[in-house]
Amino acid sequence: MTYDRDNRSLFVLPSTQDRIQGVLNAAVVFVMYGDYECFQSANVYRLIKVAGQQLKVSFGENNLGFIFRHFPQREIHPHAQRAAEAAEAAAAQGQFWQMHEILFIHQQELENGYLVEYANRLGLNISQFLQDLSRGTYVDRIDADIEGGLRSGVEAAPALFINGIRYLDRWTVEQIMAASVAAND
């Protein structure tokens, strides 16, 4: 299969299948393809959080959405895939965003023992968590995120889309906010 590397549009549109904060039909929807072991992904996520807090003042609480999609770069980040699976196993127990935060905060500590420690810290059912990881329950979901990213021209994490258009400007809060305001016009 070939991909259009110059594609600037989001191939897989936001849906209820996504991991979303905020609302799906918001005036501004960020879609980030990220890797939990990638330092830049963590930085971009933090920038989006700060920009999002500031944009809520302008747009209102219900006019902003943030979607995270997995894009583990397995070749260079040996723990990214398993971390993505841990996030999805936590999602099955209603704790995706809590695990998501922990994984980015502790991205240098993503070995299996740490993942279990994080699950325990969140009060997850450890037996279920471990079963989900050992069975590869969420590998297909993660692969679908990767495939959607590739079809959207994503080659590496992080990648950000604002209202379906690839963000290619400088990674600053001010630039992301300006692009968000422009996307809403």
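Taking the criterion of being loosely packed, with under 14 Cβ neighbours inside 10 Å and within 16 Å of the chain's Cα centre (by Cα), the only residue of the stretch 102-119 that qualifies is 105. In the stretch 157-176, the residues that are within 15 Å of residue 71 (Cβ to Cβ) reach residues that are of a type outside the set (Asp, Glu) and loosely packed, with under 14 Cβ neighbours inside 10 Å with C-beta atoms within less than 7 angstrom, at least six apart or across chains, in these pairs: 158/40; 166/8.
Taken over the stretch 131-156, the residue count meeting the criterion of being closer than 23 Å to residue 93 by Cα, open to solvent by 40 Å² or more (accessible area, probe 1.4 Å) and touching a helix residue (DSSP H, G or I) at 6+ places or on another chain (Cβ under 9 Å) is 5.
Selection of the stretch 65-92 for residues being farther than 23 Å from residue 10 by Cβ, among the acidic types (Asp, Glu) and under 13 Å from the mean Cα position of the chain (by Cα) yields only 85.
Quick grid of which residues meet (1) β-branched (Val, Ile, Thr); (2) over 26 Å from residue 138 (Cβ atoms); (3) open to solvent by less than 10 Å² (accessible area, probe 1.4 Å):
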| residue | (1), (2), (3) |
| --- | --- |
| 8 | no, yes, no |
| 32 | no, no, yes |
| 36 | no, no, yes |
| 47 | no, yes, no |
| 50 | yes, yes, no |
| 59 | no, yes, no |
| 63 | no, yes, no |
| 67 | yes, no, yes |
| 70 | no, no, yes |
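With respect to the conditions (1) touching a Pro at 6+ places or on another chain (Cβ under 6 Å); (2) more than 18 Å from residue 18 (Cβ to Cβ), residue 84 falls short on a single one, namely (2). If the requirement is being of a type in the set (S, T, N, Q), open to solvent by 70 Å² or more (accessible area, probe 1.4 Å), in contact (Cβ under 8 Å) with a residue 12 or more places away in the chain and part of a helix (DSSP H, G or I), which of these qualifies: 128, 81? None of the others qualify; the one that does is 128. I'd like to check something: does the stretch 107-120 contain any residue that is within 24 Å of residue 47 (Cβ to Cβ), out of contact with any Leu (no Cβ under 6 Å at 6 or more places or on another chain) and touching a residue at least 60 places away in the same chain (Cβ under 8 Å)? Yes, because at least one residue in the stretch 107-120 is within 24 Å of residue 47 (Cβ to Cβ), out of contact with any Leu (no Cβ under 6 Å at 6 or more places or on another chain) and touching a residue at least 60 places away in the same chain (Cβ under 8 Å).
The values are calculated or read from the model by the stated rules, or taken from the named source; none is laboratory data. All of these numbers come straight from a predicted model, not from anything done at the bench. Cβ coordinates were reconstructed from backbone atoms using ideal geometry, including for glycine residues, and neighbour counts include every protein chain displayed. In case anyone asks, the SASA skips ligands and DNA or RNA and just uses the protein heavy atoms, side chains included. Shrake-Rupley method; radii C 1.70, N 1.55, O 1.52, S 1.80 Å.
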